[in-house]
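Heads up: the structure comes next, in structure tokens.
The values are calculated or read from the model by the stated rules, or taken from the named source; none is laboratory data. Predicted model only: the values in this text are computed from it and were never measured. Heads up, the Cβs are rebuilt from the backbone with ideal geometry, glycines too, and the neighbour counts pull from every protein chain shown. For accessibility, only protein heavy atoms count, side chains too; no ligands or nucleic acids. Shrake-Rupley method; radii C 1.70, N 1.55, O 1.52, S 1.80 Å.
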Amino acid sequence: MTGAAKTLVENFERERKTLPGASGWLDVSRAKALAAFAEAGLPHRRVEEWKYTDLRRLLDDVSLTTAPDHLGPVDLPATAFEAMDCYKLVLVNGRFRADLSSLAKLPKGVELHPLANVLSEQWAKKLIDRQSDHDGATRIIDLNTALMRDGMALRIRKGVRLDKPLHLVFLAADDGGAHARHLVELEEGASATIFQSHLAAGASSYFVDQVSDIHLGADARLEMVRLVDEGAKSFHLSSLRAELEAGADFGCFTLTMGGQMQRQQSFVRFNGEGAVARVNGASALRGRQMADTFCHTDHAVPACASDTLYRTVLDGSATGTFQGKVVVQPDAQKTDGRQMTNALLLSREASMNAKPELEIYADDVQCAHGSTIGELNKDAIFYLRARGLNERDARRLLVTAFLDEALDRIAHDGARDALRAVVANWFSAEGAAT
Amino acid sequence: MLEVKNLHVTVGDKEILRGIDLKIDAGEVHAIMGPNGSGKSTLSYILSGRDGYEVTEGSITFKGQDLLAMSIDERANAGVFLAFQYPIEIPGVTTMNFLKTALNAQRKARGEEELDAVRFLKLVRSKAKPLNISDDMLKRALNVGFSGGEKKRAETLQMSLLEPQLAILDETDSGLDIDALKVVADGVNALRSPERSMIVITHYQRLLDYIVPDVVHVLSGGRIVKTGGKELAQELEQTGYAEFGADAA
Ligand SMILES: Nc1ncnc2c1ncn2[C@@H]1O[C@H](COP(=O)(O)OP(=O)(O)O)[C@@H](O)[C@H]1O
Ligand SMILES: [Mg+2]
């Protein structure tokens, strides 16, 4: 075992007794998951799904000892979604802070708790213990199962609509590791909008490891808009597993910008016909930043639609990666599966790895996938300058437009405007980063 | 307004303009006619500052300033406007947003106050209407999927909004049917004024029936080989460019 994996295993041994659910079924699951993790170790370049992101090497550069409970005051950074009226659930170092959250007056039929409060409930167990196909990408979830300390658990009962967005704020106040698990269970016909902000609030070298387990019942609707804007020396790892029953509608948009390294994984699986998943995102990186997006969609049943667009802008010597896979199972006729990734390189040192894949075992389907990697169009810059824009503004307008085409996919108007403003700020920070 | 002296321009190793002299006073409209490949677009690009063209000899003075020493956007902000022969597609930027950004960039560069959204919208609509440009078209990404005629009308709209001192129209007639040509020509004519000069580049005489020039130049093989009044355009229509040593037009 390498240094990083060893530290993580030691964390478990030290904390096992104090982790939530230590006396119940979860302890068994944790021990099993840890054993599997210890055996496999951290993923590295020779694992296909981690080809461009050697976790084994990269995690050596970040503080992994579990971050302390942070009960004192926190410098709350302004969040992009602040202007909107939301329920708010705040996690600091991965742990729920009731005093910073505002969860009053939830509609009847909406249960929103810190993770620790629901661990004795069957629906939570079902989500956590769910079987993923144990492949190179999902395997890392074992680490989270072993070490997760807290998180957000949301259950919405049949037909109930969450009346305003829920904003999940994930703050890193101290160096070290934070392992959180979020559970979202929307029963038949329920609906919700969730915003997520990941921000540094005092921490420098830290590791965020979170897993979101989502289940959408028939005709349920979930819209997620996520901003991952971590500190410059952080490593952010997110895995999202969503299962959709018939007619469910799932939208997820992730904007990634701040951290040293971020890996976002999504695994969407259709269990019932007529469901729709829109998993989109954008990254804007500079300096030596890295972002790796892994996007897996499993069309296990007929007549579902999935659509993914990821746009990446890379300046400095930043590196972007997009690996996508759309699998259409033999029974999944009438599937509509689309996956596109586009990258814009603003400097010669920047690089992009793109690997969109289709695996189709049904014949009556509509699938398309593709990727482009390009530079700013010189003719377009000339055209804009010939109309009076200086070079910087011309470039900025073109880059913004490039990202906008991804941001346009955010269904929630307020959230879309909020993330547009974040992108605008990204340009203002130009020159500040190395 | 504009004085070009003994201008030699090369692209790569190839000399394309081989000694151009041109003097345009305020309020004048000069037509530059010539066969394909004679260097018309090259002249328009050199005036607007495009990269990749090297001036090996000669000078260009614009309103008393050395134009060649100015950057692309400095020229634009000083009042040079090129209506492109092939307007560039700008995906993701609506025509409306583009127009606003351009106008405000120029106003800012000239030390004028930027226009707010309401005043801008009013202004754009008043300029778009005579060009048959709908709000719908303004909402589309600039030039993306525009027909030939839409592109040329969009160029004309930009010109009428930016009110340049020197407008260079590079084959604004190409790809237009007669109705579209009239709309564009009306738009251009509306901008004629004693303070504004224009260079109208065209291969065919047809456009000059609608935008009547003060002076006509014939460009061939990188040189101005003949200069005359508006009747020269009609003559060319009869004789073609062959007598100037070019391939038949
Ligand atoms: N970027 C370039 N590289 C090489 N040759 C060019 C380039 N631009 C123009 N030329 C050449 O210069 C000549 C003049 O072109 P152009 O100015 O476009 O003519 P016109 O507009 O009169 O048709 C042509 O022979 C053309 O092939
Ligand atoms: Mg030309």
Query raised in the report: Being of a type in the set (Asp, Glu), more than 23 Å from A:SER120 (Cα to Cα), in contact (Cβ under 8 Å) with a residue 60 or more places away in the chain and outside any loop (DSSP other than H, G, I, E, B), is that true of even one residue in the range A:44-54?
Result: yes
Query raised in the report: Does B:GLY64 meet the test of being under 14 Å from the mean Cα position of the chain (by Cα) and more than 16 Å from ligand 1 (Cβ to nearest atom)?
Result: no
Query raised in the report: What are the residues in the range B:44-68 that are within 16 Å of ligand 2 (Cβ to nearest atom), within 18 Å of B:LYS23 (Cβ to Cβ) and without any contact (Cβ under 8 Å) to a residue 60 or more places away in the chain, if any?
Result: B:ILE46
Query raised in the report: Out of the range B:29-69, which residues are farther than 18 Å from B:LEU208 by Cβ and of a type in the set (A, V, I, L, M, F, W, C)?
Result: B:ILE46, B:LEU47, B:VAL55, B:ILE60, B:PHE62, B:LEU67, B:LEU68, B:ALA69
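The rows are residues; the columns are (1) modelled with pLDDT under 90; (2) within 16 Å of ligand 1 (Cβ to nearest atom); (3) under 13 Å from the mean Cα position of the chain (by Cα); (4) β-branched (Val, Ile, Thr).
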| residue | (1), (2), (3), (4) |
| --- | --- |
| B:GLY175 | yes, yes, no, no |
| B:ASP179 | yes, no, no, no |
| B:ASP186 | no, no, no, no |
| B:ALA190 | no, no, no, no |
| B:SER193 | no, no, no, no |
| B:SER197 | no, no, yes, no |
| B:GLN205 | yes, yes, no, no |
Query raised in the report: Of the residues A:ASP129, A:ASP99, A:ASP135, A:ASP163, which is closer than 26 Å to A:ASP60 by Cβ and either open to solvent by 50 Å² or more (accessible area, probe 1.4 Å) or out of contact with any Ser or Thr (no Cβ under 7 Å at 6 or more places or on another chain) (or both)?
Result: A:ASP135
Report summary line: When every residue in the range A:341-370 that is of a type in the set (Gly, Ala, Ser) and in contact with a Lys or Arg (Cβ under 8 Å, 6 or more places away or on another chain) is compared, the one farthest from the other protein chains (Cβ to nearest Cβ) is A:ALA368
Report summary line: Sole miss for B:SER38 among (1) under 14 Å from the mean Cα position of the chain (by Cα); (2) more than 8 Å from chain A (Cβ to nearest Cβ); (3) within 16 Å of ligand 2 (Cβ to nearest atom) is condition (1)
Query - Members of the range B:30-53 that are within 8 Å of ligand 1 (Cβ to nearest atom), open to solvent by less than 20 Å² (accessible area, probe 1.4 Å) and not in a helix (DSSP H, G or I) - result: B:GLY34, B:PRO35, B:SER38, B:GLY39
Query raised in the report: For the range A:179-217, which residues satisfy the criterion of being open to solvent by 10 Å² or more (accessible area, probe 1.4 Å), closer than 22 Å to A:LEU55 by Cβ and of a type in the set (A, V, I, L, M)?
Result: A:ALA200, A:ALA203
Report task. Need at least 2 residues that are of a type in the set (A, V, I, L, M) and under 13 Å from B:SER38 (Cβ atoms) per element, so show me which strands (runs of 3 or more DSSP E) inside the range B:185-249 make the cut, counting only ones lying wholly within it. Result -> B:215-220, B:223-228
Requested in this report: Determine whether B:ARG119 is at pLDDT 95 or above and in a helix (DSSP H, G or I).
Outcome: no
Report task. Return yes when B:GLY175 is assigned to a loop (DSSP other than H, G, I, E, B) and either farther than 20 Å from B:ALA128 by Cβ or within 16 Å of ligand 2 (Cβ to nearest atom) (or both) and no when it is not. Result -> yes
